[in-house]
1. Listed residues R3, R29, R47; which is in contact with a helix residue (DSSP H, G or I) (Cβ under 7 Å, 6 or more places away or on another chain) and basic (K, R)?
2. Inspect the range 26-36 for any residue being under 24 Å from S131 (Cα atoms), surrounded by 13 or more Cβ atoms within 10 Å (Cβ to Cβ) and at pLDDT below 95 and give the result as yes or no.
3. If only one of E55, E51, E85, E103 is over 18 Å from Y32 (Cα atoms), of a type in the set (D, E) and under 15 Å from the mean Cα position of the chain (by Cα), which one is it?
4. Which residue is surrounded by the most Cβ atoms within 10 Å (Cβ to Cβ), if the candidates are limited to the range 45-65 and must be without any contact (Cβ under 8 Å) to a residue 40 or more places away in the chain and aliphatic (A, V, I, L, M)?
5. Quick check, is L95 modelled with pLDDT of 95 or more and buried (at least 19 other Cβ atoms within 10 Å of the Cβ)?
6. Which is of a type outside the set (F, W, Y), buried (at least 19 other Cβ atoms within 10 Å of the Cβ) and within 11 Å of E120 (Cα to Cα), of H41, H7?
7. Of all the strands (runs of 3 or more DSSP E) wholly in the range 43-151, which have at least 1 residues that are out of contact with any Leu (no Cβ under 6 Å at 6 or more places or on another chain) and among the hydroxyl-bearing types (S, T, Y)?
8. With L100, L57 as the choices, which residue is of a type in the set (A, V, I, L, M) and either in contact with a helix residue (DSSP H, G or I) (Cβ under 7 Å, 6 or more places away or on another chain) or closer than 15 Å to G16 by Cα (or both)?
Amino acid sequence: MLRFRSHSEHSLDPKGRLNIPTRFREVLREQYKSDMLIVTHWEKSLRVYPEAEWEALEEKLLSHEGGEPDDFGEVVSYIIAGANECPVDKQGRILLPPTLRSEMGIDKDVAVVGKLRHFEIWDKSTWDAESSKTRQNFGKYKPGLAKLGII
């Protein structure tokens, strides 16, 4: 099964278009048979879902409707409000909506980070800071990794 793996660094063009990494386009083509992506704001980055994965996320949210704490609806509204359909063009690019770019501080240089079933787009300097923090605190993740049988 193909998944979104690895990370790469890119620059947006003046119109705010991003060249999707070739290996990610291959996943879209082979695994999802689609060139439609759904982009939404998340905590510190943009999350990018193939259409089928986005639909699965929506179904999960619908299945918990009313069964979560009252303030959970706030984050659902935030996630859904940011959702934008972004088709991949013939050159393998997507146009990132200006409002989402602005909200996440994404101007030109970005990191595209695979997350297996989706990927993220980070402002490069924000990604560098977050990944450095994770590397410095790696020891605190060892129990979780051990529980999964990874270490």
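The values are calculated or read from the model by the stated rules, or taken from the named source; none is laboratory data. Keep in mind the model is a prediction, meaning the values are calculated, not measured. All Cβ positions, even for glycine, are placed from backbone atoms using ideal geometry, and neighbour counts span all protein chains on display.
1. R3
2. Within the range 26-36, not a single residue is under 24 Å from S131 (Cα atoms), surrounded by 13 or more Cβ atoms within 10 Å (Cβ to Cβ) and at pLDDT below 95.
3. Working: E55 fails: over 18 Å from Y32 (Cα atoms); E51 fails: over 18 Å from Y32 (Cα atoms); E85 fails: over 18 Å from Y32 (Cα atoms).
It is E103.
4. It comes out as L57.
5. Considered against the rule, which asks whether it is modelled with pLDDT of 95 or more and buried (at least 19 other Cβ atoms within 10 Å of the Cβ), L95 comes out as no.
6. H41
7. 46-50
8. One residue alone meets the criteria, L100.
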